[in-house]
Amino acid sequence: RAKGSSIFGPCYFDPEQDDAVRERRELANDLRHAIDANQLDVHYQVQASVVTGEVTGYEALLRWQHPERGDVPPEIFIAIAEENGLILSLDEWVLRRACADATGWDHQTKVAVNVSPVQLAHAGLPQLFHQVMLDTGLPPRRLEIELTETAIMADRDRALHVLRQIKALGVGVALDDFGTGYSSLETLRAFPFDKIKIDRVFASELESSPEATAIVRAVLALGKSLSIPVLAEGIETDRQLEVLQREGCDEAQGFLLGYPASGPVSGQSPFGDAKPLPQQASAEQVA
Ligand code: C2E
Ligand code: MG
Ligand code: MG
Ligand code: MG
């Protein structure tokens, strides 16, 4: 039973709970003005080949700088935006911004954009992607969307239909946070994924837990036999990267390779000469 409630129902006089509710309501209100008030920004986190160290792409991550509260974590404001439907505007804003930014990058470099469950359920999504590709001129093969099994679960048939349309445009589809959702194997069989992203909880235990290593190994084998490249999220140490190299992982993402950072000056190479090769990563981390 939640704190502040009793068998007679919720207690409306719990001041702590009251504060939390009020804070959420305030944040929801403030978020409505965040786009127009220029408080949103997109940061990019590098994704690189574990084998060659080459940059393959950047994941776009939304940031909200609240005028009084400072940086609000995405986990908090994304959840609020998903509840009140504002996520549709936010995700469209990120999509347009990320695609426009990526046109100024190296022509081999992809940009990955997160798609929320709410957005996936929205009828106009394939048309939106098509329109943004036209508006920005980004070749569709340089765009990848990331979605979780939770997003797919709500209505699997619909999700499959929408994803096929998006793939038909030439846009890639990655399965995000793999290993933490439901019915993983069936989802992998039925859906046309171009990439599997292993959730960062597994990376964080690669050094300490033989079980985590065994699970990563199994996912890599699964990826190999289904011909789907696998990316490991949340790589923070050289040792974790070594394990991934040894086990034959395709790509990695995490603080070791680079923190999410604000975007490039338009027309220039995104991150200058500081190509975040795994070998250079410790130097990067200090910066
Ligand atoms: P995600 O898509 O799984 O993104 C990866 C998250 O892991 C990011 O958190 C990133 O900063 C963090 N991360 C990356 N490397 C490391 C590492 O080595 N160690 C640790 N501890 N963390 C690492 P962030 O930016 O706070 O975003 C959290 C989540 O919010 C994202 O998880 C995604 O689900 C959601 N999100 C972010 N931006 C957007 C967006 O534009 N639209 C939607 N719908 N969701 C978004
Ligand atoms: Mg993601
Ligand atoms: Mg993830
Ligand atoms: Mg996540």
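Which stretch or stretches of segment 74-118 have amide N atoms under 13 Å from the point lying 7 Å from residue 32's Cα along the Cα→Cβ direction?
84-86
Arranged from highest to lowest average of other beta-carbon atoms within 10 Å per residue, in what order do the peptides 42-53, 59-70 appear?
On the way: 42-53: 20.1, 59-70: 16.0.
The most tightly packed comes first, giving 42-53, 59-70.
How many lysine pairs in the chain, separated by 8 or more positions in sequence or lying on different chains, have Cα atoms less than 22 Å apart?
Count of close lysine pairs: 11.
Residue-wise, which Karplus ³J(HN,Hα) couplings in Hz belong to segment 133-140, taking 6.51 cos²θ - 1.76 cosθ + 1.60, θ = phi - 60°, and x for glycine or proline?
Karplus values, whole Hz, x for Gly and Pro: 4, 5, 5, 9, x, 6, x, x.
Convex hull over the Cα atoms of segment 50-166, averaged projected area in nm²?
Taking a quarter of the hull surface, the average projection is 8.8 nm².
When the chain is fully extended, how far beyond the present Cα-Cα distance does residue 76 get from residue 103, taking 0.36 nm per residue of separation?
On the way: separation 27, 0.36 × 27 = 9.72 nm, distance 3.00 nm.
Full extension of this stretch gives 6.7 nm more.
Take peptides 111-117, 139-145 and line them up by average Cβ neighbours within 10 Å, highest first, as a rough protection proxy.
Details: 111-117: 23.3, 139-145: 19.0.
Most protected by this proxy first, the peptides run 111-117, 139-145.
Only bridges whose two residues both fall in the chain count here: according to DSSP, what percent of them are antiparallel, nearest 5?
50 percent
Just so you know, all these numbers are worked out from the coordinates, no wet-lab data involved. Keep in mind it's a predicted model, so treat the numbers as computed, not measured. Don't worry about glycine lacking a Cβ; one is built from the backbone with ideal geometry, like all the others, and counts go over all protein chains shown.
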